[in-house]
Amino acid sequence: MAASPGTKLCTGMECIDRLVGGGLPVGGMVSVCGPCGSGKTFLAMEYLLRGALAGQRGVYISTVHSPEKLLASMPRLDRAEGDPFKDGRLAIKHIDDMGSGEREDGKITRPEASAIVEDIAEAIDGSKAQRLVLDATNPLMLEMQDWVARAFLVSLSKLLFKAKCTGLLITEGDDMQGLEQTMADGIIRLGTAVRRGDNYRVLEVVKMAGVAHSRAKYVMDMTSEGILVTPMLRGL
């Protein structure tokens, strides 16, 4: 039976599901933000791969790298079965292939933003996707005036909710006041910490709609088993 909005999507990433009370909100729009090298794309890729293993289709939309480059650097999980990109369980698209590409004084117009959302809707509907990743939002937001960016995110949020497709919006940087964070149903913040000369990746769930989630910070490791987390008090 298909999940209805208001229920949870088990990500298949045990450490994440445990921190967010069992899963992400179905049809929700979740911001994953953090500085360069903090593990955002790895987390997003594992999110889609875990979904594919559970029989859930997904779409990865890149605003930066080509699909070929992304596939070349795809994480390989130990228990992954087959190639979900070759057998159609997952799809990678580039944002330049969506909308008309029209710009006005170098900016994406409201009609163009709407056209991009329509193409995202087509990608979700065409593959019956239950999971979406948009990586990264920064280039899109830079090309939009604030009011256009807000309208774009509102439309995307409505689309995800209606399609019961749970989306991760990847954002570069630590700014928690961006439109993506303000309008998101959840925020997972990644970062780094230094202890005795060693660098550690850190994960924190800042907010998640409708659940009593952990507010602690965790040391995050990226392994062949996927992402693993350890409470900072024990991990550092």
Starting at the first residue of region 218-227, write each ³J(HN,Hα) from the Karplus equation 6.51 cos²θ - 1.76 cosθ + 1.60 with θ = phi - 60°, in whole Hz, x for Gly and Pro.
-> 10, 6, 10, 10, 9, 10, 5, 8, x, 6
Charge context of residue 203, other residues only, Cβ under 11 angstrom, K/R +1, D/E -1 = +2
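Summing +1 for each Lys or Arg and -1 for each Asp or Glu, what net charge is found among the other residues whose Cβ lies under 14 Å from the Cβ of residue 19?
Spelling it out: positives minus negatives among the neighbours equals +3.
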Fully extended, how many nm does the chain gain between residue 69 and residue 104 (0.36 nm per residue separation, minus their Cα-Cα distance)?
-> 9.7 nm
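Within a 10 angstrom radius of the beta carbon, how do 59, 64 rank from fewest other beta carbons to most?
64, 59
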Over the chain, what is the percentage of antiparallel beta bridges among all DSSP beta bridges, to the nearest 5?
-> 50
Let me have the 222 nm mean residue ellipticity of the chain computed from DSSP H runs of 4+ only, each contributing -39500 (n - 2.57), with the sum over all residues rounded to the nearest 500.
-> -9500 deg cm²/dmol
Sparse-neighbour loop sites [trypsin sites (Lys or Arg not before Pro); region 71-161; at most 13 other C-beta within 10 Å; DSSP] | 76, 79, 86, 103, 128
The chain, relative contact order in percent, only Cα pairs under 8 angstrom and at least six apart counted | 28
Taking a cut-off of 27 Å between Cα atoms, list the lysines near residue 164, but don't count ones fewer than 8 places away on the same chain.
-> 8, 40, 86, 93, 128, 207
Antiparallel DSSP bridges in region 1-117: what percent, to the nearest 5?
-> 35
Within a Cβ distance under 14 Å of residue 31, other residues only, what is the Lys/Arg minus Asp/Glu net charge?
-> -4
GNM on the chain, Cα springs under 10 Å; top mean-square fluctuation among 88, 106, 167 goes to 106
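Each reported figure results from applying straightforward, stated rules to the coordinates on display, with no laboratory input. Note that this is a predicted model, so its numbers are computed, not measured. Because the Cβ atoms are built from the backbone with ideal geometry, glycine has one as well, and the counts that use them run over all protein chains shown.
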